[in-house]
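Student: Quick one: structure below, then a few questions.
Just so it is clear, none of the values below were taken in a lab; they were calculated from the coordinates. Treat the numbers as computed from the prediction; the structure is a model and nothing was measured. All Cβ positions, glycine included, derive from the backbone under ideal geometry; neighbour counts span all protein chains shown.
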Amino acid sequence: MTVRTEHEADAEPASLVSFIDLNPETEDFLEAVLNGLSCDQKELPCKFFYDERGSRLFDQICDLEEYYPTRTEIGILQDRLGEIAELIGRGAHLVELGSGASVKIRTLLNALPDLAQYTAVDISKEFLLKSAETLAKDYPDLDVAAVCADYTSEFRVPAPRRQDARNVAFFPGSTIGNFSPDEAEIFLRGILETLGTGSGLLIGVDLKKDPSVLHAAYNDAAGLTTEFNLNLLTRVNRELGANFDLSAFTHNAVYLEDEGRIEMHLVSSVAQTVSVGGKSFKFSVGEYINTEISCKYRVDEFRDLCRRAGYVPVASWTDSDSLFSVHYFTAD
């Protein structure tokens, strides 16, 4: 994941935030959708969930009682804050991947007053800038940077003014679960290459648990996850001129215990044909589009995965109910 791009363009800087726009939307959204719908098992990339509305919906999901990951991860961070701050060390450059509304990062920022810089990386430009500007106002002594990028592809982060600052990636929310184990290993190797030898990695990872807990978390009673999933089709319709009938698709999330992962599906309730980009795609009753996977791990499984990616395990923490885990690694 060497930091290069032919398409990067620095935008007008926000008043309080150093901003770099790597134009992630120049990736061919149409091509990704056509390729996904042409597969034997139809799929759509989950990274396209996060337009402005999708980002707002996900933040609402994180507040649901059934959706344990957010509050549990925050609880672990708060309980272990002293240890985490000591491991990150003084004068670090903290890089948050998939910053969203920048909620969890505040727990860390409050314990790390001497950071060289905080850099937020996210694919949703408007949401990213609003969150980064709010943080910059709330932490006036902190250098704040924002990078609009697809962090699963090549990207760069601005160097802090303090040249000897050690990079530390913060990757919360068990977003690593959206990759298969093999993909996760490749991704983590890329982050290591981008941030360099000697960098750190603070990462949240969802744990394997009772399937009923997982089912409730991904099929919430309020229907927000349904809205979030269907919003992907809304975006395809709006941006690509497709004609998905949202009333003809239903949300379903299933836990595949043998594979140790949740799969989110959009299920066709009728036989239908959908047009996207001049191509037609037939759906039979019950046929589904796979929109997301979320892999779950045991603590030892994830530590072994990170070893294979080049990281050295330093510390791992879980909550009292063993729902979620937070890990710290170094890249030696």
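Student: Any idea what the relative contact order of segment 107-209 is, in percent, if you count C-alpha pairs under 8 Å spaced at least 6 apart?
Tutor: 26
Student: Rounded to the nearest 20 Debye, what is the dipole magnitude of the chain about its Cα centre when Lys and Arg each give +1 and Asp and Glu each give -1 at the C-beta?
Tutor: My answer is approximately 240 debye.
Student: Roughly what % of Cα-Cα distances in segment 183-332 sit above 20 Å, to the whole percent?
Tutor: Beyond 20 Å sits 60 percent of the P(r) for segment 183-332.
Student: Using r as the Cβ-Cβ distance of residue 282 and residue 71, and R0 as 51 Å, what FRET efficiency do you calculate, to the nearest 0.05?
Tutor: Efficiency at R0 = 51 Å is approximately 0.75.
Student: Answer with one residue from 167, 180, 19: the one whose Cα lies farthest towards the positive end of the charge dipole of the chain, charges on Cβ with Lys, Arg +1 and Asp, Glu -1.
Tutor: About the Cα centre, the residue reaching furthest to the positive side is 167.
Student: Want the number for residue 330 to residue 106: 0.36 nm per residue separation, take away the alpha-carbon distance, what's left?
Tutor: Computed gain between residue 330 and residue 106 is 78.4 nm.
Student: Right, next: Lysine pairs in the chain 8 or more apart or on different chains: how many have alpha carbons under 18 angstrom apart?
Tutor: Lysine pairs meeting both conditions in the chain amount to 7.
Student: Using alpha carbon centroids, what distance separates segment 251-268 and segment 185-202, in Å?
Tutor: Segment 251-268 and segment 185-202 have Cα centres separated by 29 Å.
Student: If you place +1 on the Cβ of every Lys and Arg, -1 on the Cβ of every Asp and Glu, and leave all else neutral, what size is the dipole of segment 111-151 about its Cα centre, to the nearest 20 Debye?
Tutor: That gives a dipole near 120 debye.
Student: Also, I was wondering about something else. With the Cα gyration tensor of segment 172-257 in hand, give its eigenvalues times 5 under a square root as the equivalent ellipsoid semi-axes, listed largest first in whole angstrom.
Tutor: Here the semi-axes work out to 31, 21, 11 Å.
Student: Another question, then. Taking the Cα centre of segment 205-326 as the origin, how large is its charge dipole in debye, to the nearest 20, when only Lys and Arg (+1) and Asp and Glu (-1) carry charge on their Cβ atoms?
Tutor: Dipole size: approximately 420 debye.
Student: Starting from the Kirkwood Rh over alpha-carbon pairs, what translational D in µm² s⁻¹ does the chain have by Stokes-Einstein at 4 °C and 1.567 mPa s?
Tutor: After rounding, the answer is 63 µm²/s.
Student: Now, a different point. Please tell me the relative contact order of the chain in percent, rounded to the nearest whole number, where contacts are Cα pairs under 8 Å and at least six residues apart.
Tutor: Rounded, it is 21 percent for the chain.
Student: Counting only residues 5 or more places away or on other chains, whose amide H sits under 5 Å from the amide H of residue 265 once H atoms are built in the peptide plane?
Tutor: So residue 265 has HN proximity to 252, 253, 254, 291.
Student: Residue separation times 0.36 nm, minus the C-alpha to C-alpha distance between residue 59 and residue 180: what's the value?
Tutor: Additional length available on full extension: 41.2 nm.
Student: If you don't mind, another one. Please name which of 315, 266, 276 has its Cα lying farthest along the dipole of segment 241-319 towards the positive end, using unit charges on Cβ (Lys, Arg +1; Asp, Glu -1) and the Cα centre as origin.
Tutor: So the residue we want is 276.
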